[in-house]
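The values are calculated or read from the model by the stated rules, or taken from the named source; none is laboratory data. Treat the numbers as computed from the prediction; the structure is a model and nothing was measured. In this analysis, Cβ positions are derived from the backbone assuming ideal geometry, glycine residues included, and neighbour counts consider all displayed protein chains.
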């Protein structure tokens, strides 16, 4: 019998900060934390290394809009012309089974979840910061997956988002993927011990 409902762990931060890399390393290195990744839906095309049903559910605008209309998202956002959303039912099911669910989401979506889950003792919010804005720009440009105007839009948005760290319980600077993953693992362990 599961004694505790699982945690709802938000890992957010500006685009290009390394959320996916840190989350994957965290899950690989710390299996004892009983972590599962909540897969979001998106209307954007997959990047080269992304896998359907593992990184995202890549869906049409029509399917996304019908899920939105039906109230099936815990959070949703439009970012540089593409829609993203977290299917609510999946998250609830996993938490009820005692799993600690990671939402790796943009700042706008994180804000919606924080509003919707106010008072939830299992909520844990972490803002992932780059070591510097220059480093962030280097990472975003290094992807070579987007046009210059999209990159500029991402950078402007990132600069604004980096002002919002005070909304989160913890801020972790991503100096290296390993260090950031270990720091987040310590935060999660502490939360699990203290509930």
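Scoring residue 64 on the criteria (1) out of contact with any strand residue (DSSP E or B) (no Cβ under 9 Å at 6 or more places or on another chain); (2) part of a helix (DSSP H, G or I); (3) surrounded by 20 or more Cβ atoms within 10 Å (Cβ to Cβ) leaves a single failure, condition (1). Of everything in segment 21-40 that is under 12 Å from the mean Cα position of the chain (by Cα) and free of Cβ contacts under 8 Å to residues at least 60 places away in the same chain, the residue that is nearest to residue 177 (Cα to Cα) is 24. Residues that are over 15 Å from the mean Cα position of the chain (by Cα), modelled with pLDDT under 85 and over 14 Å from residue 17 (Cα atoms) number at least 3 in the following helices (runs of 4 or more DSSP H) confined to segment 79-195: 148-161. Quick one: in segment 19-32, which of the residues that are surrounded by fewer than 20 Cβ atoms within 10 Å (Cβ to Cβ) and in contact with a strand residue (DSSP E or B) (Cβ under 8 Å, 6 or more places away or on another chain) is nearest to residue 192 (Cα to Cα)? Per the criteria, the residue is 27.
Can you name every residue in segment 81-97 that is more than 26 Å from residue 153 (Cα to Cα) and surrounded by 13 or more Cβ atoms within 10 Å (Cβ to Cβ)? Selection gives 87, 88, 90, 91, 92, 94, 95, 97. From the list 138, 153, the one residue that fits, being surrounded by fewer than 18 Cβ atoms within 10 Å (Cβ to Cβ), within 18 Å of residue 81 (Cβ to Cβ) and out of contact with any helix residue (DSSP H, G or I) (no Cβ under 6 Å at 6 or more places or on another chain), is 153.
The rows are residues; the columns are (1) in contact with a helix residue (DSSP H, G or I) (Cβ under 8 Å, 6 or more places away or on another chain); (2) on the phi > 0 side of the Ramachandran plot; (3) loosely packed, with under 11 Cβ neighbours inside 10 Å; (4) in contact (Cβ under 8 Å) with a residue 60 or more places away in the chain.
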residue	(1), (2), (3), (4)
8	yes, no, no, yes
12	yes, no, no, yes
16	yes, yes, no, yes
49	no, no, yes, no
52	no, no, no, no
55	yes, no, no, no
72	yes, no, no, no
